[in-house]
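Shown next, in structure tokens, is the structure this report addresses.
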Amino acid sequence: MAAALFATMMFAASTAFAAPAAKSATRPAAGAIGIATYGVGQTIADATPLSLAGGTASFVGHLTAGATSGEDDVLDVFLTAGEVVTINMVAADPATDFAIYVFGPDATDVWEDVPVAYVDPSFWNDGGGKQPLTISSFKAPRTGHYFIDAFTAVGNGYTGGSGDYTLSINVERRGTIVAIVNQPTSALAYKDSTLIMGHVYYAYDIIASGLWNTVAGGDVTLLASDDGSDYFPLGTQTLEADGSYLFETPEYDRKMHYLVQYAGTSALTPSTAYTSVNMYASLAKPSGSRYATRSYTLSGILAPRHTAGSSAVRVYLWRYVSGKWKASGYRTAKASNYGFGSKYSVKYKFPYAGKWKMQAYHSDSSHATTRSSYTYLTVK
């Protein structure tokens, strides 16, 4: 079993922000948390993920302003409701007119959406200090992916300049740790459920202070997401006397992400931990229906339903030659609607008569690689 440990963040009052005017910027799409690299995304759809290891991250970037447009650097950070964030941006050239916008989990376009926190360039504010730019004590109102958009001011023939900058992020995490102790190492069977269980510990410094076995009281909530971005609550329970919790998940039909959130107390701050649970699809073995000499329709059933017309399944083929099965490639089968699932099918003319075997194969981002059992067919 792998243990996923995440420190917590402190609730604090967020800075009040007035709604800004529309701006020229871009925003990233929700993605897995990782390490920021150069080649930063310029839209929400290709945002560069940042790892907040230890509650902090730093990113060095470069912005270039043109005559009519300016670049955006969009970063993706995962925050839990109640976490308090401070963002600081310092440009190598103090004269540059840069800005920072923060967009929430529902944002899709940094040009059109309204940020949840921001610092405008001084050009838009009729003067004022340009360096450094700071968003302090912003409290995330909900759990999900947030997008930090760094950009340079452009407008009416004016550009805010170009140059290097350093962006630093700090998230206040302290107080408690939530441990998930049963993170599955393999995928679940189709529509199977699993147990999410663990402990909540009071631990400012669990090694030095020996507080690992000091348990917390209060409630924990289990949340779920099918995309790792937007989480919805499944249920809340009070911790046992030993600080443990145990949830049984519903019977879903695809990969799910589960997040356990500790509600906190007057003495202990909230914390979270998450785990991903993969699932196999339901994939029936292919059957062969003959409609002409050596010509067959190869088909079967796939669940859950996939987009009609999509290349959802491969049918792998083997020919029996000289006492051995010899691989003969695969054919791609298209999906069509079939009840609450899909039917996959492909027409195939076998190059030789004789004994063949087939196996269906399916893999996508929502399911673990799934293979059917074999079908044996005598081709005539």
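The values are calculated or read from the model by the stated rules, or taken from the named source; none is laboratory data. None of the values given here were measured: they were computed from a predicted structure. For neighbour counting, all protein chains shown are included, and Cβ atoms are generated from backbone atoms with ideal geometry for every residue, glycine included.
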- Item | Complete set of residues in the stretch 133-143 that are surrounded by 15 or more Cβ atoms within 10 Å (Cβ to Cβ) and at pLDDT below 80 | ARG142, THR143
- Query: Are any of the residues in the stretch 356-373 surrounded by 19 or more Cβ atoms within 10 Å (Cβ to Cβ), at pLDDT 95 or above and closer than 11 Å to GLY288 by Cβ?
  - Reply: yes
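Per-residue answers, yes or no, for (1) within 29 Å of the chain's Cα centre (by Cα); (2) closer than 17 Å to ARG371 by Cβ:
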residue: LYS285; (1), (2): no, yes
residue: ALA308; (1), (2): yes, no
residue: SER322; (1), (2): no, no
residue: ALA327; (1), (2): no, yes
residue: SER345; (1), (2): no, no
- Go through the residues of the stretch 353-362 one by one and say whether even a single one is under 24 Å from LYS191 (Cα atoms), in a loop (DSSP other than H, G, I, E, B) and of a type in the set (Phe, Trp, Tyr). no
- Message: Among the residues in the stretch 316-329, are any in contact (Cβ under 8 Å) with a residue 40 or more places away in the chain and under 22 Å from LEU195 (Cα atoms)?
- Response: no
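Going through ASP164, ASP226, ASP253 one at a time, which residue ends up being assigned by TED's automatic domain parsing to the domain that holds ASP73 and at pLDDT 80 or above?
Working: ASP226 fails: assigned by TED's automatic domain parsing to the domain that holds ASP73; ASP253 fails: assigned by TED's automatic domain parsing to the domain that holds ASP73.
One residue alone meets the criteria, ASP164.
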- Residue count for the stretch 282-315, restricted to those that are free of Cβ contacts under 8 Å to residues at least 60 places away in the same chain, within 23 Å of SER365 (Cβ to Cβ) and either among the aliphatic types (A, V, I, L, M) or assigned by TED's automatic domain parsing to the domain that holds ARG254 (or both): 5
- Identify all residues within the stretch 65-106 that are at pLDDT 90 or above, in contact with a helix residue (DSSP H, G or I) (Cβ under 7 Å, 6 or more places away or on another chain) and assigned to a loop (DSSP other than H, G, I, E, B); write none if there are none. none
